[in-house]
Structures are given as C-alpha cells and as structure tokens.
C-alpha cells in the first residue's frame, strides 16, 4: 500500500443526502400542532413516527402526537439556568447538526436543483433498468496485485476470461444477481448498466475505494420488462430520481473543486501518530464499531477522556498557512465527529491512514460550511426546523431524566410505583398538558387524515457526522386523549 505523503492535496468526495425533510418547502409542510411559539409540522410528525422504531404500545397516532407535544412541554418547563443549556458539548453538537443540514441544503441549491434531464436519455436508462445480471466476482484489497491483474488481462476478451478463471477456482467464485435498483457502488452500476454486457464479459479490476477492487464476470444477462401502468410509473420516477442524483453528484464535485481550490494540508507526524494511536485504542475498546444512535443522542453526556491532554498544545496540521493544534482539532470534532471511510482496520498503520483521510474530510466539510454560511443556509426554514427538532428532542430527554432523578426526594414517592415509571410520567405529562392547555393547538382535521404504518424503520444517512435521521421516538406518556388541546384554525 502506498503511504500518504506528508503534504496532501485536499481530497474531494461527493456526498448524497437522504434526510426526508430536505426537499419539502415550507408551504408544503403545514403546521399540525402548536405550543406557544413552538410547532410540529405534518412532515415532522410523520418522520418522527415512521423513521425510528416505536414500541407496540405507542402505535396509536394520538399517543404519537401526545408524546411529541410532551417533548415540547418538557422544553418549555426547562429552567433557563439549566446546566444543559450552558454545556459546551451539547451546544457544539447542536451547532454540528445545524451545519450538516446547511451543507445538505447547499448541495441541493448548487447541484440537485440545477439538474436538467433529457427525455431521450431517460428512456434509454429506463430500458436498461429492466436488465439483470448473474455475476461471478473476486475482490482484491491490494492495489499492486490489482495492477498486475490489469497488465495480464490486456484488452483481448479471451485473455481476460483466462486470467479471471486463474484468480481462483471458478466453481467457487462468489456469485450474485445484480439489478438496476440495487444500491451498488456507482462504479459497478456504471460498468453494468451504461450498456448491455454480454455473457462471458470480464469487467475490471474496478476501483471501489482507496485500496479495494472488484473483478466481475458476466454469467448471464436478461431483460425483465416492467408490467403494469402503476409499476411503470413508479420505475420511471425511480429512473428520474437516480439520474438526477447522479448528475447532481457530478456537478457537486465540480462545485467542491471551486471551493477547495489548490488548498493543501500538511500533517505534523510528531503529533499525528500519537493522536491517531489514541483514537485507534479507543476504537478497539469499543469493539471496532460505535453505536451511531448512542453517539448522536447520548454522546454529549459522556465525560472527556484525558488521553490526549499532553498533546493539546502541539501543532497537528497546517492549511492555508493556518496552524491547527490538537486542541483546535478537538474543538472541531466536538461539532463534527470524525467520519471514517473504513470502520474496521487490520492494524494500527492502516488506521492511521484512514484517520488522516477522516481529518481531510473534516476540513473539507469545514470549508463547505463556511460557504454555506456565506450563502445564508443557516437562515433556511428547513435547516432551522431540523435544528430545533434535534435540540428540543435532546433537551426533553435531559429534562425527563432530571424529573425521574428527582422523584425519590418527593414526600409522596412510592418505590413500588416507580417500577413502572410511566405511572409518574403519565401524571406529570397530564399536569403539563393542563398547565399549558390554553397555548396548545392541533389541526384536528389534518390529524384525522393521517395514516401511520406499523413497520419498524430506523433511517440513517451514510458518510456524515450525524447519521441518524431523526431523534429516538419519545416515550413520555401512554395517554391517547387530546381533549386538552384547542382547535388550530388554518
């Protein structure tokens, strides 16, 4: 594997966003409920109910709304001098969530919304979308070996097939059926679905990521036409969306090149290596993987470890003639957790390589965020709403925990009753509902039209610092009564 040099040109990688609220304008997302100045929109209600699992006793849509209203009530009740509001970790995390939303919005403004589609091209892609392949394949995790295979294969089809068959036992080569709709790597998708590949064709080695390659042999290719008007319409929309995103990604790469220019980052080995080793040790202690939900929702309550204290004043890297110390870097990480392109590394040396790449991506996002502020993405209504959603969800969780911790100090505390904490929570939420009833409004007409599924879903994004799409569903009350709320006039 080739080592990264001391001086590295900033790498630019396109990223795709999947937060469901990103594409909804304010006019298309009416307010469903209000508590004073706070509100819950129709889309927010649907996302909070459908994109994270709900326990069986929280399936009723009235219970869902009661809990989302209770979430806001907990925040309204939170004292203004509450320690959580002054907690640097909490505030930096909320800042990071806002800035991730801003970068997403910038992507849509500068790339996705500017895509122009050609009908003739879409018709061709639609035809290719009915194609399915049966493949044999090998993966290679060594760039030198991949280069040797490329040299041996040459351009002659027969030679390529012979080399493929000699990589391993052809009868034992991994096999897979690949359809256009499958979420394959773009490199694989382009190789298979740009034009028909005949049986016997060997494709690759194709570079999937930094040091990973794939070699594929087409065993069979067949078309499976879409039957039925509804299915055809659905497929046409899928083709439009996938094509739009592909073109937008290409435009975004070009846009990022303009942002990044010829910036360079220079690492200081004396600080980088020991810091990376600390991160590597932490990763191993966590079993080489982190729970994204715990990190995103509970991480702010974890105490900092002092492992890197002796490194804080040391220079870690330089970019644009600005020197970043380890302390500067750690502050950036508090609002933008590192995102690793590879989460499980074989050894310390490999981890250091991916640690460098994670730092590069962190700084890339730093400059995209600067551009997002320049473009006033922080003023966007959807960005503000998503930020408030996460802030209120985390604050209500904190407030609920504080309430439960206070119960043993109450003169009427019943330890046996505490076994079912909802006995106390239900009563507390009831009291908040009555206290603020004159300020709680619900659009009952719109609410009655809502239909929820019972399919558990946990929505996540890929390769972003805050991957969990929506906060955990709040479980404050099992009450399904809404008679305390007033009617919201449209």
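With the simple spin-label model, which puts each label point 7 Å out from Cα in the Cβ direction, the residue 172 to residue 405 separation comes to 5.7 nm.
Between the C-alpha center of the range 132-156 and that of the range 375-398 there is a gap of 47 Å.
Mean silhouette area of the range 131-223, derived from the convex hull of its C-alpha atoms and averaged over all directions, reads 5.7 nm².
Potential lengthening of the chain between residue 341 and residue 62 amounts to 96.3 nm, from the contour at 0.36 nm per residue minus the alpha-carbon distance. Once the Cα-Cα distance is subtracted from the 0.36 nm per residue extended length, the residue 489 to residue 253 segment shows a gain of 80.4 nm. Ellipticity at 222 nm from helices only: DSSP H runs of n ≥ 4 in the chain, each -39500 (n - 2.57), divided by the residue count, give -15000 deg cm²/dmol. Expressed as a fraction of 2.2 N^0.38 Å, the C-alpha radius of gyration for the chain is 1.14. Normalised by the number of residues in the range 131-223, the average gap of Cα pairs under 8 Å and 6 or more apart makes the relative contact order 48 percent. Counted by neighbouring Cβ atoms within 10 Å, the residues 335, 396 run from fewest to most as 335, 396. Quick one: Cα centre-to-centre distance for the range 28-100 and the range 316-372, in angstrom? Computed from Cα coordinates, the inter-centre distance equals 31 Å. Using a Förster distance of 45 angstrom, determine the FRET efficiency expected from the C-beta separation of residue 114 and residue 460, and round it to 0.05. Computed FRET efficiency for residue 114 and residue 460 comes out at 0.95.
For the chain, the longest principal axis of the alpha carbon atoms and the long axis of helix 229-260 meet at an angle near 80°.
Here the relative contact order of the chain, from alpha carbon pairs under 8 Å that lie six or more residues apart, stands at 31 percent.
Taking 0.36 nm per residue of separation and subtracting the current Cα-Cα distance, fully stretching the chain between residue 77 and residue 314 would add 81.0 nm.
FYI, it's all coordinate maths here, none of it is from the lab. Nothing here was measured: the structure is a model prediction, and the numbers come from that model. Counting neighbours? That spans all protein chains shown, and the Cβs are built from the backbone with ideal geometry, glycine included.
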